[in-house]
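Reading through the structure tokens given below for one structure.
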Amino acid sequence: MKLQSALDKRHSIRSFEKKKVPKSVIKKLVANATKAPSACNRQPWIFYCVDSKKKRDEVSELLYNIYMKFHFNSSEKVGNLKKISDEFYKDMGGAQNIIFVFRKKGKKEAEYVKPNDIASIYCAVENIILSAVSKGLGSCCVGTFGGGENGKKLRKVLGIGNDEELISAL
């Protein structure tokens with residue numbers, strides 16, 4: 001698929017088919033993500049792929065509860081957008097695979113490091129999204145709910161240490 005075609009076909013999917021993406025395809029998506037540019041060539045991304053139903057359901061429930069806590073009374077999401085968002089977060093649109101992207105937190109990092117890491121990670125995320133389109137797959141990039149107590153709960157469910165910070169999920 002040509003790049004322009006992938007760009008033209010790309011849009012956020014919020015309701016997925018109930019079938020898993022093969023591990024070989026997920027591995028290729030992540031491999032393509034690592035080809036993204038990164039500030040100072042830090043390559044700050046750490047990918048966690050969830051495909052077990054039990055883990056996906058656990059993560060989805062946690063993310064939905066966090067979403068409802070922060071957005072339930074939000075006036076930013078009006079009308080149909082709120083309804084679509086509410087439905088999506090109930091079970092991450094029924095996605096059978098979820099890719100989480102974390103970054104390792106530095107103990108004494110310069111103030112410019114974190115924003116550069118986040119920018120680099122979103123370059124990698126875009127590679128995943130466009131690679132998914134080229135394989136006929138949909139995706140939806142979601143912001144994080146990973147800070148504070150929520151981050152602790154999510155890291156516990158995923159079995160991740162406290163030195164990593166959630167940046168995005170697909």
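The values are calculated or read from the model by the stated rules, or taken from the named source; none is laboratory data. The structure presented is a predicted model; accordingly, all values stated were derived computationally and were not measured. Note that each Cβ is placed from the backbone with ideal geometry, even for glycine, and that neighbours are counted across all protein chains shown. Keep in mind that these areas ignore ligands, DNA and RNA; they rest on the heavy atoms of the full protein, side chains included. Shrake-Rupley method; radii C 1.70, N 1.55, O 1.52, S 1.80 Å.
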Contacts under 7 angstrom Cβ, first residue in segment 90-117 being open to solvent by less than 40 Å² (accessible area, probe 1.4 Å), partner hydroxyl-bearing (S, T, Y), 6 or more apart: M92/S60; G93/S15; G94/S15; F100/Y48; V101/S168; F102/Y48
Run down S85, S139, S134 and say which single residue is of a type in the set (S, T, Y) and over 16 Å from the mean Cα position of the chain (by Cα). S134
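Looking only at residues that are in a loop (DSSP other than H, G, I, E, B) and open to solvent by less than 90 Å² (accessible area, probe 1.4 Å) in segment 18-36, which one is farthest from I98 (Cα to Cα)?
Within segment 18-36, the first condition is being in a loop (DSSP other than H, G, I, E, B), and the residues that meet it are 18-22, 34-36.
The next check asks that each one be open to solvent by less than 90 Å² (accessible area, probe 1.4 Å); those that pass are 21-22, 34, 36.
Values: V21: 10, P22: 12, T34: 17, A36: 20 Å.
Result: A36.
Here's the yes/no breakdown for (1) over 23 Å from S38 (Cα atoms); (2) at pLDDT 85 or above:
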| residue | (1), (2) |
| --- | --- |
| I121 | no, yes |
| A124 | no, yes |
| S131 | no, yes |
| S134 | no, yes |
| L137 | yes, yes |
| C140 | no, yes |
| G148 | yes, no |
| K156 | yes, yes |
| E164 | no, yes |
For segment 64-83, indicate whether the set of residues that are at pLDDT 90 or above and among the β-branched types (V, I, T) is non-empty. no
Here are some residues: C49, C40. Which one is open to solvent by 80 Å² or more (accessible area, probe 1.4 Å), under 22 Å from E164 (Cβ atoms) and modelled with pLDDT of 90 or more? C40
Residues of segment 24-63 satisfying the condition of being within 17 Å of the chain's Cα centre (by Cα), more than 16 Å from G93 (Cα to Cα) and not hydrophobic (A, V, I, L, M, F, W, C): K27, K28, N32, T34, Q43, P44, Y48
So D91 passes all but one of these: (1) in contact with a helix residue (DSSP H, G or I) (Cβ under 7 Å, 6 or more places away or on another chain); (2) under 25 Å from K156 (Cβ atoms); (3) modelled with pLDDT of 95 or more. Which condition number does it fail? (3)
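Out of segment 88-119, which residues are out of contact with any strand residue (DSSP E or B) (no Cβ under 7 Å at 6 or more places or on another chain) and assigned to a loop (DSSP other than H, G, I, E, B)?
Residues of segment 88-119 out of contact with any strand residue (DSSP E or B) (no Cβ under 7 Å at 6 or more places or on another chain): 88-91, 93-96, 106-116, 119.
Those that are out of contact with any strand residue (DSSP E or B) (no Cβ under 7 Å at 6 or more places or on another chain) and assigned to a loop (DSSP other than H, G, I, E, B): A95, Q96, G106, K107, K108, E109, A110, E111, Y112.
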